[in-house]
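First the structure, in the form of structure tokens, and then the observations on it.
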Amino acid sequence: MTGEKILVIRHGALGDLVQSTGPFKAIRAHHPGGEITLLTAPAFGLFMQGCPWFDQVWHDHRPQWHQFADWLHLRRRLRDGGFTRVYDLQTSSRSSLYFHAFSRRRRPEWSGIAPGVSHPHDNPGRDLMHTLDRQAEQLAMAGIADVPPPDLSWVEADTGRYELLHPYALVVPGGSAHRPAKRWPADYCLALCQRLLAASIQPVLIGGRDEIHLTGVLAEQCPGVRDLAEQTSIEDLAVLARAAELAVGNDTGPMHVAAVSGAPSLVLFSAQSDPDLCAPRGANVSTLRETDLAALSVERVWEQLGKS
């Protein structure tokens, strides 16, 4: 239907954003002639500018409660957007509050969990569902029956500058600095890199600013490892993953990118997160979980990779 103005709310984190690319595609297919806007975190704005399913991308700086001027600016922007329907895929207390930014008489149709929305996802067990199943059910309740799997095939990047040796493996040794229990021990990562090199596979370390010290130590202790921490964009990572022999790492955003991009992927989980709720899915994706990742041996990971 032409004339529709659609707003999709999805802030992040990176793994959550990646898992929403299937719903993004489904929303575009359901509103082929509509003008669709994504409201997301500034960290992902540039990346999502390249997504073919949105006409524009807005940054949500998520003002604090005391930042009244910023709240008023956000409310005015939402009201002036002329939206006919909103898909709140973030479904947080913050994004639900945005429903009330609209006056009662001018509220758009709304898919989400805020009380009073036109298309509620009112399954009381929604928080016990895997992210992909939960979003698919939410969209089904809003009239979108066909939701494809996550899709990063649209991402482009020139990664030739890295001049990686083939075959190579993406290794993601880090994760959230605030949740260290989600990280496989560094000495285990070192041993894995050594095994990869012995198998003539170049380990390529992927990480952000918080992992620079960790990856630097690993690269120093294991000559032959390529350290790309803080050097790759999301686009770079997606393209590198397409040509990777494998990807292995903790439950963190870059592993979601690698898995969705097609790299045969092994994701390591501790008690800090549940693969039944958030693990990447796919024919080439597997998981291992231990309450304490120190109990997950290098030998077991190596066997799961099919390298034993």
- State, to one decimal in nm, how far the label point of ARG77 lies from the label point of ARG94, with both points 7 Å from Cα in the Cβ direction. 1.3
- Query: For the chain, what is the convex hull volume of its Cα atoms per residue in Å³?
  - Reply: 135
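To the nearest 0.05, how large is the calculated FRET efficiency for ALA43 and GLN304 if R₀ is 22 Å and r is the Cβ-Cβ distance?
Efficiency, from the Cβ-Cβ distance: 0.10.
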- Message: Net charge within 15 Å of GLY160 by Cβ-Cβ distance, Lys/Arg positive one each and Asp/Glu negative one each, not counting GLY160 itself?
- Response: -2
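Under the 0.36 nm per residue contour assumption, what length would be gained going from the current alpha-carbon distance of ALA69 and GLU109 to full extension?
Extra length available between ALA69 and GLU109 comes to 11.7 nm.
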- Query: Applying 1/(1 + (r/R0)^6) with R0 = 22 Å to the Cβ-Cβ distance of ALA13 and MET141, what FRET efficiency is obtained, to the nearest 0.05?
  - Reply: 0.35
- Message: Going by Cα centres, segment 15-43 and segment 86-141 are how many Å apart?
- Response: 15
- Any lysines whose Cα falls less than 22 Å from that of LYS307, other than same-chain ones fewer than 8 residues away, would be none
- Length-normalised contact order of the chain in % [C-alpha pairs under 8 Å, at least 6 apart]: 16
- For segment 183-249 and segment 274-291, what is the separation of their C-alpha centers, rounded to whole Å? 20
- Task: Would you list, by chain and number, the lysines whose Cα falls below 17 Å from the Cα of LYS5, excluding same-chain residues fewer than 8 positions away?
- Result: LYS25
- Message: Taking R0 as 25 Å, what FRET efficiency do you get between ALA295 and GLN194 from their Cβ-Cβ distance, rounded to the nearest 0.05?
- Response: 0.75
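Values in this text are rule-based calculations from the coordinates and carry no lab data. All figures in this text were calculated on a predicted structure; none of them were measured in a lab. Methodologically, a virtual Cβ is constructed for each residue, glycine included, from the backbone with ideal geometry; neighbour enumeration extends over all protein chains shown.
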